[in-house]
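**Q** Sharing a structure here in structure tokens format.
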Amino acid sequence: MTTKDKILQEAKIEFINKGYHDASLRTIAKKCGISAAALYRHFENKEDIFQKVIEPFVIKFNEIASFVQKTDYELLNNNQVDEMWNFEMEGGFHFDILFNDQIDIVKLIVKERKDWFKDFIITFEYEATIKYINAMKEHGYKVKVFNDLSFKALLDSYLESYIYILNKNLNKEELFKICNDINVFYTLGFRDLFGF
């Protein structure tokens, strides 16, 4: 393991245990067997370390989102919109993004940067959905006119549903079941909102 990787490993533990503001760079350095000054050979500052600690979540999110978008567009191009909704409802993507191997990082982000986290996901979902709706219109589908603020409020409540269960000490099976319930509820609601 490189020194940089060791710093990130120890920083993740320190941030999770103490939070961003109370995390100590000196403690991180000591656990890595280096001086605090040596940290700055690898990272600019505490914020840089934090950003690198949460980066695996962003990468995982982008990978899954890319896969989902690719599949949604393939289904649209094959006039299989019902299958797209089933794919969205049954895919388990939210579980994979939020609760699988990234759960500690997601909990850390929600604890320390909840507004950033929500803005990141809601902005992505909103922009991707609007783009998809425009593509649907180009394919001749009729889409209901909906209020942007209503849509964003629903996206916010959708995400808050997942955040609510994040720290409930549930096992993976319970989390998956609840994620599925949330996903079914909102997917059906979004389908009704959009009218396709």
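**Q** Exactly one condition in (1) more than 18 Å from Phe124 (Cα to Cα); (2) buried (at least 16 other Cβ atoms within 10 Å of the Cβ) is not met by Tyr162; state its number.
**A** With respect to (1) more than 18 Å from Phe124 (Cα to Cα); (2) buried (at least 16 other Cβ atoms within 10 Å of the Cβ), Tyr162 is out only on (1).
A quick yes/no check of all residues on (1) in contact with a helix residue (DSSP H, G or I) (Cβ under 6 Å, 6 or more places away or on another chain); (2) over 21 Å from Asn134 (Cα atoms); (3) without any contact (Cβ under 8 Å) to a residue 40 or more places away in the chain:
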{"site": "Ala38", "(1), (2), (3)": "no, yes, yes"}
{"site": "His42", "(1), (2), (3)": "yes, yes, yes"}
{"site": "Ile54", "(1), (2), (3)": "yes, yes, no"}
{"site": "Ile59", "(1), (2), (3)": "no, yes, yes"}
{"site": "Ala65", "(1), (2), (3)": "no, no, no"}
{"site": "Tyr73", "(1), (2), (3)": "no, no, no"}
{"site": "Glu83", "(1), (2), (3)": "yes, no, yes"}
{"site": "Gly92", "(1), (2), (3)": "no, yes, no"}
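**Q** Go through the residues of the stretch 74-83 one by one and say whether even a single one is modelled with pLDDT of 90 or more, surrounded by 12 or more Cβ atoms within 10 Å (Cβ to Cβ) and touching a Leu at 6+ places or on another chain (Cβ under 9 Å).
**A** For the stretch 74-83, residues modelled with pLDDT of 90 or more, surrounded by 12 or more Cβ atoms within 10 Å (Cβ to Cβ) and touching a Leu at 6+ places or on another chain (Cβ under 9 Å): present.
**Q** Checking the structure you have, find out if any residue of the stretch 157-168 is in contact with a helix residue (DSSP H, G or I) (Cβ under 7 Å, 6 or more places away or on another chain) and either modelled with pLDDT of 95 or more or small (Gly, Ala, Ser) (or both).
**A** Looking through the stretch 157-168, at least one residue is in contact with a helix residue (DSSP H, G or I) (Cβ under 7 Å, 6 or more places away or on another chain) and either modelled with pLDDT of 95 or more or small (Gly, Ala, Ser) (or both).
**Q** From Leu154, Leu108, Leu149, Leu159, grab the single residue that is in a helix (DSSP H, G or I), under 15 Å from Asp192 (Cβ atoms) and either under 21 Å from the mean Cα position of the chain (by Cα) or free of Cβ contacts under 8 Å to residues at least 60 places away in the same chain (or both).
**A** Residue meeting the stated conditions: Leu154.
The values are calculated or read from the model by the stated rules, or taken from the named source; none is laboratory data. Source: prediction; values computed, not measured. Here Cβ is always computed from backbone atoms with ideal geometry, including for glycine, and neighbour counts include all displayed protein chains.
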